[in-house]
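Here is the structure we will look at.
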Amino acid sequence: MNAVLNVADVSVPAKRVSALSILLVESRMEFMRMLRAPAFSVPVISFPVMFYVLFALVMGPPNASGGVARHMLASFSAFGVMAPGLFGLGVSLAIERERGLLELKRALPIPAGVYLGAKLVMASLFAAIVSVVLMILAATAGHVVMEVLQWCKLFVLALLGVLPFCSLGLLIGTLVKGQAAAAAVNLVYMPMSFLSGMMIPLQAMPHVLTQVAPIWPSYHLLQIALHVVGDPHTGNPALHAVTVTLEGVAFFAWAQRRLSKLR
Amino acid sequence: MNAAARVVDATKRFGSTQALDGLNLEIAAGRVTALLGSNGAGKTTTISMLLGLTSPDSGQVELFGRSPHEVTARQRMGVMLQSAVLPETLRVGELLTLTRAYYPRPAPFDQIAQTAGITDLLHRLYGRLSGGQQRRVQFALSLCGNPDLLCLDEPTVGLDTESRASVWQAIRSRVSDGCAVLLTTHYLEEAEALADRVAVIVRGRVVMTGTVDEVRALSTAGRIRCITTLSTEAVAKWQGVDTVTRAGEYLQLETAVTEKIVQRLFQADPSLSALEVRRGGLAEALSRISAEELQ
């Protein structure tokens, strides 16, 4: 009998690592490292909060009994979920592609979906932070009064609303490499913020811009947010939800196709 | 001997470039196999296939009898890539925790840190480390899964002599435990110091495999250096002298018949001094193999 056991003879151990446990560790580390990167975490959290304080609380009309503060809460809740998805996935993926980290991750025994899944969780956590801070400001300094269910819905909307922007960010990250991705993301982020009615009411814009607003996922998210807080909005919220979901799925599918082609 | 990994008749084409042209390679357990070849010879493509990053156009690649695309096959492999930049805002200890989480039988945390000599770096941010320290962390990560195969791409680039020696020591210790190691390196002394077997790749094919001594034996060239009054032109005419160059007061020549030439040098110039004779190394053998294959 052969007493010598070669390495290659050893059968693969029965013990398995669950994809969920890897996802938890990967997500925690992804969140920590993005939180410690001030170029990402500071603007992502502070911009929507700063704009809200400025436009709703400082410059808003006095004695408005929370009306403006509530409308702006919906606007900036929708605005706040864009950056975590766009920058958190787009720029980080583009840089990781350039620096060979994506390649290393693909060579490591990480179950399919964990790498992207962790980025989604990270972006959702940032969206959650922004949402909670905005809601605390609205409820205290802004004197916004809503039903508990409305607050909850707005929070859930932030968690889910980040996903289509993650898909779009992912797509940009597969199209552009390295630092150029930040510029590319801004080219989408800026018009999307201004032209979907978040900062400036659509009514105040030229007719042609109001006509193209429905192409932006942010427009649909804003309409849902306005519906949640009980403010006037256009269209059917369910239809908006379907549209923004379809857009997210389309971006994701395109990004996946690009990713599978990238070596 | 069972192979930890095997490449059989692999071909791969990128556009008009034939990266691999029927490449065969076996990486044995308990051995260090060094993959040598010039840039563009096909080393990177070979490694990419073994890591499951790309597939051959034809032929076969096996990792522990499975496809490298299977996670369970890659769980038995540790990887250190030359080019990968790790997340700069994670601490070294966190990187270790994260990488250990991927494997079903991870090596003990403290043991990895000690082996790679990074115990004092665990609380530091990766981005704040020096190049050499980062390299040691990358080496530590390759050990996280208690691997049966270590794939090391230029493992000691940027390391000082002491760190390099300790990485070599760690590699040897893994190999004595039965681990297979695939090594690519530009430092031929590294291949000479570590490798049990050398595979030389030229134009996408393995043109020679053997022990370091077997490959080195292919180099007939020896190098002689000395201070002499003899002129370059005169020595160049001697039979058996391949090349002659002069660097300051030193005359340097290459020859396949070192003993004969040394004898003749002393006859022609009894005042000759500072004589050095060096046997042909792996470098000479490699350039000879490559040159012959390319002709």
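The values are calculated or read from the model by the stated rules, or taken from the named source; none is laboratory data. As the structure is a prediction and not an experimental result, all values here were calculated from the model. Here the Cβ is made from the backbone with ideal geometry for all residues, glycine too, and neighbour counts use every protein chain on show. Areas reflect the complete protein model, heavy atoms only, side chains present, ligands, DNA and RNA absent. Shrake-Rupley method; radii C 1.70, N 1.55, O 1.52, S 1.80 Å.
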*Once amide H atoms are built 1.01 Å from N in the peptide plane, which residues 5 or more positions from B:Cys179, or in another chain, come under 5 Å H to H?*
B:Gly30
*To the nearest 20 debye, what is the magnitude of the charge dipole of segment B:222-279 about its Cα centre, counting +1 on the Cβ of each Lys and Arg and -1 on the Cβ of each Asp and Glu?*
140 debye
*Residue pairs, from the table B:Lys43/B:Lys260; A:Lys261/B:Lys43; A:Lys153/A:Lys261; A:Lys177/B:Lys43; B:Lys43/B:Lys237; A:Lys105/A:Lys153, whose Cα atoms sit over 29 Å apart*: B:Lys43/B:Lys260; A:Lys153/A:Lys261; B:Lys43/B:Lys237; A:Lys105/A:Lys153
*Which of the helices in chain A meet the span-like rule: DSSP H, Cα axial reach of 15 Å or more, Kyte-Doolittle mean at least 1.6?*
A:114-139, A:148-175
*With the solvent-accessible surface defined on protein heavy atoms using a 1.4 Å probe, which residues belonging to segment A:77-123 display a reduction of at least 10 Å² in accessible area in the multichain context relative to the isolated chain?*
A:Arg99, A:Gly100, A:Leu101, A:Glu103, A:Leu104, A:Lys105, A:Arg106, A:Ala107, A:Leu108, A:Pro109, A:Ile110, A:Pro111
*Within 10 Å of each Cβ of B:80-88, how many other protein chain Cβ atoms are there on average?*
6
*Projected onto the charge dipole of the protein assembly as shown (+1 at Lys/Arg Cβ, -1 at Asp/Glu Cβ, origin at the Cα centre), which of A:Gly230, A:Pro164, B:Ala283 gives the Cα projection farthest towards the positive end?*
A:Gly230
*What ³J(HN,Hα) values, in whole Hz, does the Karplus curve 6.51 cos²θ - 1.76 cosθ + 1.60 give for segment B:127-138 when θ = phi - 60°, with x put for Gly and Pro?*
x, 8, 7, 6, x, x, 5, 4, 5, 5, 5, 4
*Rounded to the nearest 0.05, what FRET efficiency do B:Arg66 and B:Arg105 give with R0 = 22 Å and r taken as the Cβ-Cβ distance? Could you check?*
0.80
*Where the accessible area of segment B:222-279 is counted over protein heavy atoms with a 1.4 Å probe, how much of it, in %, is carbon and sulfur?*
50 percent
*Charged-residue dipole, Cβ positions (Lys, Arg, Asp, Glu), chain B about Cα centre, Debye nearest 20*: 380 debye
*Determine the dipole magnitude for segment A:19-261: charges of +1 sit on the beta-carbon of Lys and Arg, -1 on that of Asp and Glu, nothing else is charged, the reference point is the Cα centre, and the result goes in debye to the nearest 20.*
620 debye
*Which percent of the accessible heavy-atom area of segment A:99-216 goes to carbon and sulfur, probe 1.4 angstrom?*
75 percent
*Can you give the longest stretch of chain B with no exposed loop site, where a site means GluC sites (Glu not before Pro) in a DSSP loop (not H, G, I, E or B) with at most 14 other C-beta atoms within 10 Å?*
B:71-248
_HN-Hα J in Hz across segment B:252-269 - Karplus 6.51, -1.76, 1.60, θ = phi - 60°, x for Gly and Pro_ = 10, 9, 10, 7, 8, 10, 4, 4, 4, 5, 4, 4, 5, 4, 5, 5, 6, 9
*Please give, to one decimal in nm, the separation of the simple spin-label points placed at B:Asp57 and A:Gln150, each 7 Å out from Cα toward the Cβ.*
6.5 nm
*Kindly provide the helix-only [θ] at 222 nm of chain A, computed as the sum of -39,500 (n - 2.57) over DSSP H runs of four or more divided by all residues, to the nearest 500 deg cm²/dmol?*
-22000 deg cm²/dmol
*Say a paramagnetic label sat at a point 7 Å from the Cα of B:Thr229, along Cα to Cβ; which residues of segment B:251-290 have their backbone N under 13 Å from it?*
B:268-273
*With a ≥ b ≥ c taken as the square roots of the eigenvalues of the C-alpha gyration tensor of segment A:133-213, please select rounded if a/c is under 1.5 and otherwise prolate if a/b is larger than b/c or oblate if it is not?*
oblate
_With n ≥ 4 as the cut-off for DSSP H runs, can you work out [θ] at 222 nm for chain B, using -39500 (n - 2.57) per run divided by the number of residues, rounded to the nearest 500?_
-9500 deg cm²/dmol
*Average beta-carbon neighbours from other chains, 10 Å sphere, peptide A:23-31*: 3
*asked:* Within segment B:1-48, what whole-number % of the accessible surface is contributed by carbon and sulfur, with the 1.4 Å probe and all protein chains included in the calculation?
replied: 42 percent
*Would you please classify the overall shape of segment B:222-279 from the alpha carbon gyration tensor, given that a ≥ b ≥ c denote the square roots of the eigenvalues, rounded means a/c under 1.5, and beyond that prolate means a/b larger than b/c while oblate covers the rest?*
rounded
*asked:* Before we go on, tell me the buried accessible area for the B/A pair, both chains summed, 1.4 Å probe, in Å² to the nearest 100.
replied: 3400 Å²
*Ordered by packing density, taken as the mean number of other Cβ atoms within 10 Å over each peptide's residues, highest first, how do B:238-248, A:33-43, B:76-86 rank?*
B:76-86, A:33-43, B:238-248
_Between A:Val148, A:Val130, A:Val212, where does the largest GNM mean-square fluctuation fall for chain A, given springs only between Cα atoms within less than 10 Å?_
A:Val148
*Counted charge near A:Gly117, where neighbours are those whose Cβ lies closer than 13 Å (Asp, Glu -1; Lys, Arg +1)*: +1
*Kindly report the accessible area of the protein assembly as shown per residue (heavy atoms of protein chains, probe 1.4 Å, no ligands, DNA or RNA), in Å².*
45 Å²
_Around A:Gly173: net Lys/Arg minus Asp/Glu count, Cβ-Cβ under 13 Å_ = +3
_Shape call, segment B:163-229: gyration tensor on alpha carbons, a/c limit 1.5_ = oblate
*Inter-label distance, nm, simple model (7 Å from Cα along the C-beta direction), B:Gln18/A:Leu246*: 5.1 nm
*Just B:Val92, B:Val181, B:Val71 to compare: in a GNM of chain B, with alpha carbon springs under 10 Å, which one fluctuates most?*
B:Val71
_Average beta-carbon neighbours from other chains, 10 Å sphere, peptide B:61-71_ = 2
*From largest accessible area down, sort B:Ser55, A:Ser131; use a 1.4 Å probe on the protein chains.*
B:Ser55, A:Ser131
*Where Lys and Arg each count +1 and Asp and Glu each count -1, what net charge lies around B:Thr229 among other residues with Cβ under 11 Å from its Cβ?*
-2
*When chain B is modelled as a GNM with alpha-carbon springs shorter than 10 Å, which of B:Asn39, B:Asn24, B:Asn146 fluctuates the most?*
B:Asn39
*Using Cα pairs closer than 8 Å and at least 6 residues apart in sequence, work out the relative contact order for segment B:3-216, in percent.*
30 percent
*Toward the positive end of the charge dipole of chain B, about the Cα centre and with charges on Cβ (Lys, Arg +1; Asp, Glu -1), which of B:Gln267, B:Ser142, B:Gly132 goes farthest?*
B:Ser142
